[in-house]
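Read the structure below first, then the notes.
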Amino acid sequence: MENLEELIVEETPAVIINDAEKEALFAKLFLPLLDAAYNFAFRLTLNESDAQDLVQDTFLKAYRFCNSFQIGTNAKAWLFRILKNSFINEYRRKQKNPSTVDYQEIEQFYNSDEADVKMTTDLRVEVLQDMIGDEVANALNSLDIDFRTVIILCDIEGFTYEEMSKILDIPIGTVRSRLHRARNVLKEKLKNYAKKYYG
Amino acid sequence: MEQFTKNNECEMCECEECLQMLELFLDNETTLEQKNQVKFHIENCEHCKSCYEAEHQLKNTIKEQGSNKKCPSEIMKCIQNKIKEMVFG
Ligand SMILES: [Zn+2]
């Protein structure tokens, strides 16, 4: 809730609109984003029923605070920020941490600064082409939530670093380095997977 | 021999620079100048080209495998009903 109030102070509206206008604005700008928002909610909660609740909460908040949305700015980024904040405030604490113990070391390594310099590029295109099932999605789901979030926003939803910085309330430099680390951990997981199943 | 070493080092520098920009390039976050630099290099370097292809493939696979969740249709109805309640209730 705090986060929403902050959002409103930041983007105080110039115009007061009536209920009919509000409904029209909401139907035009936000309802078409329902599938994208649901996909994001599912990727965060990893659970259909939580995702349904989260997406409903998000849309009701979006409707209630519609007045504070500045027309002409990015509706999807605005909506996703509400979704992400709702997730942190209401859902995250009841989630069990999905990142498994055996990858903890890798994540710690990639959280250190030395890892920033190098780039893991020895994952081969042929190996990835063989992963036609859910291997990549499963590896993504097993990432730490902060790592998972940046990959979803960038690679699935196509947000720019600047938009991500606004959605996540972090500087652009942090977006960039977090994304880099997240991808390295993901690649490490896929490489281990490939070694195990394709030899 | 000295000449050879020099050239080799230089190529390595170029590769390193290219690989460092690869992520930004794929995310469409480079300047136009950097974009052209990466494009030119991967057209002329097999190693960096294969790195680019793997990263590109990974990005596409993430999108393919990670965007298949559709919202159940009753959720739309629920949202619309709750809004009606808010307006008229
Ligand atoms: Zn090269």
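The values are calculated or read from the model by the stated rules, or taken from the named source; none is laboratory data. Keep in mind that this is a model prediction, so the values were computed, not measured. Here Cβ is always computed from backbone atoms with ideal geometry, including for glycine, and neighbour counts include all displayed protein chains.
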- Output for segment A:139-153, where each listed residue is under 21 Å from A:Leu34 (Cβ atoms) and facing another protein chain (nearest Cβ under 7 Å): A:Ile152
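Matching residues to (1) within 17 Å of B:Lys77 (Cα to Cα); (2) surrounded by 21 or more Cβ atoms within 10 Å (Cβ to Cβ); (3) more than 8 Å from every other protein chain (Cβ to nearest Cβ); (4) touching a His at 6+ places or on another chain (Cβ under 7 Å):
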| residue | (1), (2), (3), (4) |
| --- | --- |
| A:Phe42 | no, yes, no, no |
| A:Leu54 | yes, yes, yes, no |
| A:Ser68 | no, no, yes, no |
| A:Ser86 | no, yes, yes, no |
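If you check A:Asn192 against the conditions, is it more than 11 Å from chain B (Cβ to nearest Cβ) and modelled with pLDDT under 95?
yes
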- Message: I'm trying to understand the selection: among the residues of segment B:42-65, which are more than 21 Å from A:Lys191 (Cα to Cα) and within 14 Å of chain A (Cβ to nearest Cβ)?
- Response: B:Ile42, B:Cys45, B:Glu46
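So which of A:Asp169, A:Asp146, A:Asp155 is closer than 23 Å to A:Lys76 by Cβ, at pLDDT 90 or above and surrounded by 22 or more Cβ atoms within 10 Å (Cβ to Cβ)?
Working: A:Asp169 fails: surrounded by 22 or more Cβ atoms within 10 Å (Cβ to Cβ); A:Asp146 fails: surrounded by 22 or more Cβ atoms within 10 Å (Cβ to Cβ).
None of the others qualify; the one that does is A:Asp155.
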- Residues in segment A:153-199 that are assigned to a helix (DSSP H, G or I) and farther than 14 Å from A:Arg81 by Cβ total 30
- Message: Considering only residues that are among the polar types (S, T, N, Q) and more than 10 Å from the ligand (Cβ to nearest atom), which ones fall in segment B:13-54?
- Response: B:Gln20, B:Asn28, B:Thr30, B:Thr31, B:Gln34, B:Asn36, B:Gln37
- Message: All but one of (1) buried (at least 19 other Cβ atoms within 10 Å of the Cβ); (2) more than 8 Å from chain B (Cβ to nearest Cβ) hold for A:Asn47; state the number of the condition that does not hold.
- Response: (1)
